[in-house]
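Throughout, read-outs are computed from the coordinates displayed, never taken from laboratory work. The structure displayed is predicted, hence computed values, not measured ones. Every residue, glycine as well, gets a Cβ built from its backbone with ideal geometry; the counts of neighbours run over all protein chains shown.
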Amino acid sequence: MQELKFTFGKIRIGDAARKRILESLDAHWVSAGKHVQTFEQKFKNHFNYHEAVAVSSGTAACFAAVAALYDFEKSQADEIIVPALSFVATANAVRAAGFKPVFVDIDRKTLNLDPSKIESAISKKTKAIQVVHTMGKPCDMTSIMNIAEKYHLVVLEDCCEAHGASYQNQIIGSFGLAGTFSFYAAHLICSGEGGMVTTHDPEFAKLLRSVRSHGRPDGTDYFQFDRFGFNCKMNDLEAAIGIEGIDHFDEIFKTRKKNLLQLLDQNRDLAHVFYFLTEEKDEVISPHAFPLVFRQDIAVQSSHLYHFLLEHGIQVKTLFGSLPTQHRAFSYLQHRLGEFPEAEYVGEKGLHFGCHQYLTPEDIAYVSTLLHEYVKKWI
Ligand SMILES: Cc1ncc(COP(=O)(O)O)c(C=O)c1O
């Protein structure tokens, strides 16, 4: 295998971030401090969120948002609906906070929760719907908010892959009670590791600050523990890097979006082989990555294309698969293969690779040529 020339993401730390890191080092303070506060302020102002609470990862963001629900008379063994297909952290956060994840199938064309399948999964114990805007594509928030209203459910939005995406001119992460973000290397804003929870509710923001700091009242640091909590605070070194991502967000978004659109354009003639992302008029997709799913009449295993791309230097990943039936981690729920046909299909037939801002037009053309070569030879 040749060296990977086309990766999911790349982190480049610029002069402003280096200066902030040195400031922290010189001040002998690298836990949560002034850079974290600036990062939160800038994040909420840039995207127009009411409140932003920084945490140590996207997983921690999902966990804190779910764990904070205990203050709303939710109890352990209550159920939270999650998509069957997502990065595992979404469902793990539900499980870690003590709730039962109830999986609902997705739509293979959007990769998102299928709203028409939600109602049959709702029980007396259901307290929340945790949606995921997979691969930067916004969920159908009109249908989801209607269902949530009908059954009095909280909506949480996992926006880890969808920085800056919007639905009907509204930024995602502002529909439900909370939006959760990851700043790991593959994401548009990157801080090494890191996460954020946004909310329109100042009282919920207070709970989140408490949960990220062991359940102390509003995050103050003395030995009073008011609720279930954890240590998942972001530190100043991570915030020092993340601030740069917000300062350059618009350029990063534009460049990645150009890459995503070029990939879609250059591979349009392969639409008989793959389902590609489609951007509807009322949404803005965040350019997180480039997913593709083999159509059903194509008798090729995605692992074949996976190895072909990898051998040609493209870092490629599957599209997660069905958490309840294609991963052992959720076997305790005793689901059987076949219960989540769309998620299972995408698990078998889907792949994705990066479209990050440091890729060149030659890189984009190279991967498109490879896809064409593959189709010509094998399909
Ligand atoms: C949908 C989703 N949720 C949660 C996470 C977890 O984020 P992190 O890796 O920062 O913990 C990710 C990570 O990429 C993700 O894609």
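So, in Å, what gap is there between the alpha-carbon centers of the stretch 153-209 and the stretch 344-379? Each part reduced to its Cα centre gives a spacing of 29 Å.
For the chain, modelled as a GNM whose springs connect Cα atoms under 10 angstrom apart, the maximal fluctuation among LYS124, LYS19, LYS109 occurs at LYS124.
Counting other Cβ atoms within 10 Å of each Cβ, which trypsin sites (Lys or Arg not before Pro) in the stretch 271-371 have at most 15 and sit in a DSSP loop? All intermediate terms of the calculation are to be shown ahead of the outcome.
Numbers: sites: LYS281, ARG295, LYS317, ARG328, ARG336, LYS349; in loops: LYS281, ARG295, ARG336.
Here the sparse-neighbourhood loop sites are LYS281, ARG295, ARG336.
Taken over the stretch 196-242, the convex hull of the Cα atoms encloses 78 Å³ per residue.
Suppose we flag GluC sites (Glu not before Pro) only when DSSP calls them loop and at most 10 other Cβ atoms lie within 10 Å. Which is the longest uninterrupted stretch of the chain? Write out the running numbers ahead of the final one.
Values: sites that count: GLU3, GLU73.
Here the longest segment lacking exposed loop sites spans 74-379.
Within the listed set ASN45, ASN92, ASN112, the residue fluctuating most in the Gaussian network model of the chain (springs between alpha-carbon atoms under 10 angstrom) is ASN45. From the alpha carbon centroid of the stretch 1-31 to that of the stretch 54-96 is 29 Å. Normalised radius of gyration (Cα atoms, divided by 2.2 N^0.38 Å) for the chain: 0.98. 3J(HN,Hα) couplings calculated from phi for the stretch 356-364 with the Karplus curve 6.51 cos²θ - 1.76 cosθ + 1.60 (θ = phi - 60°) are, in sequence order, 5, 6, 9, 6, 9, x, 5, 4, 5 Hz; Gly and Pro show x. Just checking the listed ones, TYR49, TYR222, TYR366: in the Gaussian network model of the chain with Cα springs under 10 Å, the one fluctuating most is TYR222.
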